[in-house]
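Before any comments, here is the structure.
The values are calculated or read from the model by the stated rules, or taken from the named source; none is laboratory data. If you're wondering where the values come from, they're calculated on a predicted model, not measured in any experiment. Here the Cβ positions follow ideal geometry from the backbone for every residue, glycine too, while neighbour counts run over all protein chains shown. Side chains included, ligands, DNA and RNA excluded: accessible areas come from the protein's heavy atoms. Shrake-Rupley method; radii C 1.70, N 1.55, O 1.52, S 1.80 Å.
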Amino acid sequence: MMAAPLPNIEEARDNATFEALMWALSRPGVERRLPEPGLAPVVRALVDLEVTAFTDDEGLRPLIDRTGARPACPTTADYLFLSGGAEEAFRQARTGSAIHPEAGATLVLAAPLRAGGRVRLAGPGIDGSITISPALSPELWGIRAERVTYPLGFDLFIVDGDRVIGLPRSTHIEVL
C-alpha cells in the first residue's frame with residue numbers, strides 16, 4: 001500500500017490560503033480567514049511560473065520573483081497585487097474576450113473591509129443580497145461597473161490583515 005506524503009508547514013499554509021480564497025469567491029462578500037495576514041500568502045497560493053504578475057508593492061516583488069512568475073504591466077498581468085491606489089489597475093486590468101472570457105485578470109487589493117461606503121452584492125453564491133463596506137472609493141465601483149460585464153471582467157479579492165472577501169465578475173454591485 002502506497003502512502004501519500006504529508007504536506008510540510010509551508011504547503012499546509014498555502015493550501016489553507018487557497019481554500020480560503022476559493023470559498024471567498026464561492027460566497028461573495030463573506031469574510032474568510034487567511035492563515036497569515038497580508039498579500040504575501042495570496043501570492044504564495046496563486047502565483048507560479050505559468051502566470052504573469054504585477055504589484056505596486058516593492059516588498060512583494062522579491063516574493064513574486066521567487067515564484068518564477070513573469071513580471072507584467074497592469075494591462076497584461078494575470079494577477080495584480082495592489083497595496084496602494086487601485087484606480088488605474090481597475091481601468092487597465094484585462095477583462096478577457098468573447099472567445100476567452102477566462103483570460104480576465106485577478107486583482108488582489110489590500111484595503112480595510114469595514115471602513116468604507118456601503119455596497120449591496122447580489123448574484124451567484126449570494127442568498128438574496130448582502131451588504132458590505134470595504135474602504136474603496138465610489139469611483140472604483142463605477143470603473144468596475146463599466147468594465148465588468150459578465151462573463152467578461154476581472155475577479156477581485158480584498159485583503160484586510162488575515163481577512164479576505166472575494167468578488168467574482170459575476171457579482172452585481174450596487175453602491176448605496
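For this structure, a couple of remarks:
- Looking only at region 149-175, and only at residues there that are under 12 Å from GLY104 (Cβ atoms) and surrounded by fewer than 19 Cβ atoms within 10 Å (Cβ to Cβ), the one that is nearest to the chain's Cα centre (by Cα): SER170
Each row is one residue, and each column tells you yes or no for (1) free of Cβ contacts under 8 Å to residues at least 40 places away in the same chain; (2) touching a Pro at 6+ places or on another chain (Cβ under 6 Å); (3) at negative phi.
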{"residue": "PRO5", "(1), (2), (3)": "yes, no, yes"}
{"residue": "ALA16", "(1), (2), (3)": "yes, yes, yes"}
{"residue": "ALA20", "(1), (2), (3)": "no, no, yes"}
{"residue": "PRO37", "(1), (2), (3)": "no, no, yes"}
{"residue": "LEU46", "(1), (2), (3)": "no, no, yes"}
{"residue": "GLY59", "(1), (2), (3)": "yes, no, yes"}
{"residue": "THR75", "(1), (2), (3)": "yes, no, yes"}
{"residue": "GLY96", "(1), (2), (3)": "no, no, no"}
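- Restricting region 128-148 to residues that are farther than 21 Å from ARG163 by Cα and free of Cβ contacts under 8 Å to residues at least 40 places away in the same chain, the residue that is farthest from the chain's Cα centre (by Cα) is GLY128.
- Exactly one residue out of ALA77, ALA98 is part of a loop (DSSP other than H, G, I, E, B) and buried (at least 16 other Cβ atoms within 10 Å of the Cβ), and it is ALA77.
- Residue that is modelled with pLDDT of 95 or more, charged (D, E, K, R) and closer than 28 Å to GLU88 by Cβ, where the choices are GLU58, GLU31: GLU31
- Looking only at region 122-144, and only at residues there that are modelled with pLDDT under 95 and outside any loop (DSSP other than H, G, I, E, B), the one that is farthest from SER83 (Cα to Cα): GLY142
- The residues of region 77-112 that are within 25 Å of THR17 (Cα to Cα) and either of a type in the set (Ser, Thr, Tyr) or in contact with a Phe, Trp or Tyr (Cβ under 6 Å, 6 or more places away or on another chain) (or both), listed by number, are ALA77, TYR79, LEU80, SER83, ALA93, THR95, GLY104, ALA105, THR106, LEU107, VAL108.
- Subset of region 110-156 [farther than 15 Å from PRO28 by Cα, in contact with a Ser or Thr (Cβ under 6 Å, 6 or more places away or on another chain) and small (Gly, Ala, Ser)]: ALA110, GLY116, GLY153
- Of the residues examined, THR17 is not one that is of a type in the set (S, T, N, Q), in a loop (DSSP other than H, G, I, E, B) and either in contact with a Lys or Arg (Cβ under 6 Å, 6 or more places away or on another chain) or under 27 Å from VAL119 (Cα atoms) (or both).
- Qualifying residues in region 5-53 (those that are open to solvent by 30 Å² or more (accessible area, probe 1.4 Å) and among the β-branched types (Val, Ile, Thr)) - the one nearest to the chain's Cα centre (by Cα): VAL30
- Any hit, region 84-93, residues being of a type outside the set (Lys, Arg), open to solvent by less than 40 Å² (accessible area, probe 1.4 Å), in contact with a Gly (Cβ under 6 Å, 6 or more places away or on another chain) and under 27 Å from ARG163 (Cβ atoms): no
- In the set VAL108, VAL51, VAL148, VAL43, only one residue is at pLDDT below 95 and aliphatic (A, V, I, L, M); that residue is VAL148.
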